[in-house]
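Nothing in this text is a laboratory measurement; each read-out follows from the coordinates by a stated rule. Just so you know, these numbers come straight off a predicted model, no measurement behind them. Note that each Cβ is placed from the backbone with ideal geometry, even for glycine, and that neighbours are counted across all protein chains shown.
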Amino acid sequence: MLEVRALEATRGDVTLFRGLGFTLGPGALLRVTGANGSGKTSLLRALCGLLLPAAGEVRWKGENIRRLREEYWKHLAYIGHANALKDELTAEENLAVACALSGTAVPHSRIRAALEGFGLGERRRLPVRALSQGQRRRAALARLALCETLPLWILDEPFAALDAAAMRQVQSLVGAHLARGGMAVLTTHQEARIEAPSATDINLDRPS
Amino acid sequence: MTAALRAVVRRDLLLAWRRRSDVATAVLFFVIVVSLFPLAIGPEPNLLRAIAPGIIWVAALLACMLSLTRTFESDHADGTLDQMLLAATPLGMIVIARVLAHWVVSGLPLVILAPVLALQFDLEPDLLPLLVAALLLGTPVLSLVGAIGAALTLGLRGGGMLLALLVLPLYVPVLIIGAGALDAAAAGQSAHPHLLLLTALLVLAGAFAPWAISAALRISAE
């Protein structure tokens with residue numbers, strides 16, 4: 001259960017958002033929309049605990065995430081703007097490191113299956129440098145197929161640079177995650193169709 | 001937790017292997033800087049013998065600096081650093097794994113090459129084990145302290161130059177004690193106190209540097 005209370009973030013002198021509050025329970029999806037520069041990424045980074053909010057707090061199961069630290073992070077999968085892939089490593093090696101860091105031990109066969117699900121089965125042994133922008137995004141998102149044990153997913157622009165097939169794959173992964181009782185927060189410009197037991201929208205252009 | 005640390009060390013070593021030209025640059029830099037001095041000063045055995053420890057240590061400091069700038073920079077740029085900050089394993093442990101990998105890649109080769117390079121200075125063969133021992137204790141301190149600087153200058157413009165200004169003064173104790181060990185032994189005294197002091201520095205840096213590096217990395221992510 002993720003609770004946000006009176007969250008405020010600033011960039012320089014500009015207040016990005018103020019007094020933001022919401023609660024996410026099992027099966028809940030939160031879509032964050034807003035113009036470029038409206039603070040979507042800052043909100044997501046504050047939810048992760050990467051960014052210290054100017055005011056307010058983020059709570060996980062009733063405790064401030066600043067105090068929980070690793071206790072919170074081991075429940076969290078964050079896929080940021082950047083793909084977090086090393087150019088010199090293959091997609092397979094990158095995913096293995098990402099899974100080890102998030103504390104989910106996955107067998108090699110599952111990593112291969114996850115990459116095959118995103119159409120990268122034949123390219124899984126190529127260094128990421130040799131992949132196109134969209135393929136890199138696919139490789140980064142293939143992690144979602146490996147972290148279904150983590151209850152909270154925070155995804156920053158997951159559909160950027162993806163084609164229709166990969167978008168459907170991500171939508172079905174997020175849908176399955178929510179159906180299992182997981183929670184997801186994502187920002188997007190695209191019209192994404194995700195089956196969610198309960199969905200909320202936050203528009204940062206018109207603060208509520 | 002150990003699985004995560006193993007994965008991080010393995011990742012860094014693999015990256016170093018795939019970018020081996022970068023690693024070779026720092027090691028060759030060390031070899032060339034050390035070799036320049038005998039060429040410049042000329043065949044004066046007594047003088048060469050006297051300056052050998054100092055030259056080798058200064059070159060080791062500079063070579064270590066050269067490889068430090070890249071420690072966190074590319075991870076910061078491509079988002080992998082965020083994943084480490086959000087890992088289920090405490091950041092301090094991950095930092096230790098990263099510094100260990102950095103030392104294996106850029107410190108250990110210097111320790112291995114130093115005795116060979118010392119021959120150019122006609123250093124007494126009896127002193128070579130001491131040179132290796134001092135470097136073995138001192139170079140991990142360089143990696144640990146240097147990583148603090150690398151984390152603090154992360155994402156800054158002209159970070160490389162700033163890193164040198166920030167870190168080189170902090171290297172001075174290691175330089176003095178490390179080079180002093182050989183001077184003491186050459187003068188017929190015991191080098192034991194120097195080695196013990198280097199060990200103390202290593203313990204101190206090992207205990208506090210991971211904490212400082214973690215704090216600096218968290219600030220850089222904000």
* Structure fact -> Exposure proxy check on B:64, A:147: fewest-to-most Cβ neighbours within 10 Å is A:147, B:64
* Distance from the Cα centre of the stretch A:141-165 to that of the stretch B:143-170, in angstrom? -> 35 Å
* Hey, got the average number of other protein chain Cβ atoms within 10 angstrom for residues in A:78-87? -> 5
* Please identify, among B:31, B:95, B:203, the residue showing maximal mean-square fluctuation in a Gaussian network model of chain B using a 10 angstrom Cα cutoff. => B:203
* Taking neighbour counts of Cβ atoms within 10 Å as a proxy for exposure, in what order, fewest first, do B:49, A:137, A:180 appear? -> A:180, B:49, A:137
* Structure fact -> About its Cα centre, the protein assembly as shown carries a charge dipole, from +1 on Lys and Arg Cβ atoms and -1 on Asp and Glu Cβ atoms, whose size in debye to the nearest 20 is 1060 debye
* **Exercise: per-residue mean of other protein chain Cβ atoms within 10 Å, B:86-93** => 6
* How big is the shadow of the Cα convex hull of the protein assembly as shown, averaged over all directions, in nm²? -> 22.4 nm²
* **Antiparallel DSSP beta bridges within the protein assembly as shown, as percent of all bridges there, nearest 5** => 45 percent
* Structure fact -> Computed Rg/Rh for the stretch B:45-130 (Cα atoms; Rh = Kirkwood radius) stands at 1.17
* So what is the relative contact order for chain B, in percent, with contacts set as C-alpha pairs under 8 Å and at least six apart? -> 27 percent
* How big is chain B in terms of Cα radius of gyration and Dmax, in angstroms? -> 18.0, 58
* Which order results if A:132, B:106 are arranged by neighbouring Cβ count within 10 Å, fewest first? -> A:132, B:106
* When only Cα pairs under 8 Å and 6 or more residues apart are kept, what is the percent relative contact order across chain A? -> 31 percent
* To do: Calculate the dipole size of chain B relative to its Cα centre from +1 charges on Lys and Arg beta carbons and -1 charges on Asp and Glu beta carbons; express the result in debye to the nearest 20.
  => 540 debye
* Structure fact -> Here FRET efficiency (C-beta to C-beta, residue A:189 to residue A:125, R₀ 35 Å, nearest 0.05) is 0.60
* **Cβ-based charge dipole, the stretch B:2-221, positive-most Cα from B:170, B:90, B:51** => B:90
* Most fluctuating residue given options B:89, B:153, B:71, as computed from a GNM of chain B linking Cα atoms under 10 Å -> B:89
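For the protein assembly as shown, what is the mean residue ellipticity at 222 nm derived from helices alone (per DSSP H run of n ≥ 4: -39500 (n - 2.57); sum divided by total residues; nearest 500 deg cm²/dmol)?
Dividing the helical sum by the residues of the protein assembly as shown leaves -19000 deg cm²/dmol.
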* To do: Identify all lysines with a Cα-Cα distance to residue A:74 below 16 Å; exclude those on the same chain that are fewer than 8 residues away in sequence.
  => A:61
* If you build a Gaussian network model of chain A, linking Cα atoms that sit under 10 Å apart, which residue out of A:116, A:93, A:191 swings the most? -> A:191
* Straight-line reach from residue A:86: which aspartates and glutamates have Cα under 15 Å away, leaving out those fewer than 8 places along the same chain? -> B:12, B:73, B:75, B:78, B:82
* Using every pair of alpha-carbon atoms in the stretch A:51-192, split the distances into 5 Å bins beginning at 0 and state the percent of pairs per bin, rounded to integers. => 2, 9, 19, 22, 21, 13, 8, 4, 1, 0
* Asked: Say the dipole of the protein assembly as shown comes from +1 at the beta carbon of Lys and Arg and -1 at that of Asp and Glu; which of B:118, B:219, A:36 then lies farthest toward its positive end?
  -> A:36
* Rounded to the nearest 20 Debye, what is the dipole magnitude of chain A about its Cα centre when Lys and Arg each give +1 and Asp and Glu each give -1 at the C-beta? -> 200 debye
* Neighbouring partner chain Cβ atoms per residue of A:93-99, average, 10 Å criterion -> 4
* Where in chain B are the DSSP H helices whose alpha-carbon span along the long axis reaches 27 Å or more and whose Kyte-Doolittle mean is at least 1.0? -> B:20-41, B:45-68, B:128-152, B:159-186, B:192-221
* Have a look at the DSSP beta bridges in the stretch A:2-203 and tell me what percent are antiparallel, nearest 5. => 45 percent
